[in-house]
Amino acid sequence: MTAPQWAQDLVLQVALDEGRDDVPELTWHRSKRSAFSSGRTWHTSSRIHVTAGTQRRQTQIPYRSGKRTGQVSVRAEQKLVLLHEVAHWLTPFEKQAVTYGRGGDWYDQDGNKADAPTGTRYLSHTATFWDTAWRLFRRYKVPLTYAKVREGNYRKGALIAARKRS
Ligand SMILES: [Zn+2]
């Protein structure tokens, strides 16, 4: 399916605001199972794919993280995932000599998750990436409470970057 207009507009706006003269291709799909959205970015083909959550008309998605519960709008949840991927598009994967499991997940240049750092591997969730991601979350008004829960759930580096300016 075609990406919603707001998502296409947002990607274009970020590219302009970041001084880019190119825009990634955006493809969009709706999940059959998950209430929450997910995304993926391919650097070599400059493409972003979002699998939107199942919610259509419901305006709020309840979420839970440990003892914290809250609600996020369908639009804000999708916007967070989209901006996370746009931050990947803006941040080239870095070759890094770190021990597997410490610095984040390992990917090859096309974004395929790699099991172990053998040969040339690229690290995607770097400090530079998170700085970029939080800059976008703030500038394009993603609810930061939800962003901290969502991104902090599984990536420590996300919260280190979030704390820098909050
Ligand atoms: Zn990511």
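The values are calculated or read from the model by the stated rules, or taken from the named source; none is laboratory data. All values reported here derive from a predicted model rather than from experimental measurement. As a convention, Cβ positions derive from the backbone with ideal geometry for all residues, glycine included, and neighbour counts pool all protein chains shown.
Brief remarks on what is shown
- Any hit, region 146-162, residues being at pLDDT 90 or above and within 16 Å of the ligand (Cβ to nearest atom): yes
- When region 31-60 is filtered for residues that are basic (Lys, Arg), more than 11 Å from the chain's Cα centre (by Cα) and more than 13 Å from GLN78 (Cβ to Cβ), the ones remaining, listed by number, are LYS32, ARG33, ARG47, ARG57.
- Filtered residues of region 16-32 (kept if farther than 12 Å from HIS49 by Cβ and touching a residue at least 60 places away in the same chain (Cβ under 8 Å)): ASP17, GLU18, ARG20
- Selection status of ARG56, part of a loop (DSSP other than H, G, I, E, B), in contact with a helix residue (DSSP H, G or I) (Cβ under 9 Å, 6 or more places away or on another chain), touching a residue at least 60 places away in the same chain (Cβ under 8 Å) and of a type outside the set (S, T, N, Q): no
- Of the criteria (1) outside any strand (DSSP E or B); (2) under 17 Å from the mean Cα position of the chain (by Cα), which one GLY19 fails: (2)
- Filter result (within 15 Å of MET1 (Cβ to Cβ) and within 13 Å of the ligand (Cβ to nearest atom)) within region 28-38: SER37
- Leading residue by the ranking (surrounded by the most Cβ atoms within 10 Å (Cβ to Cβ)) among those in region 35-53 that are in a loop (DSSP other than H, G, I, E, B) and at pLDDT 90 or above: SER37
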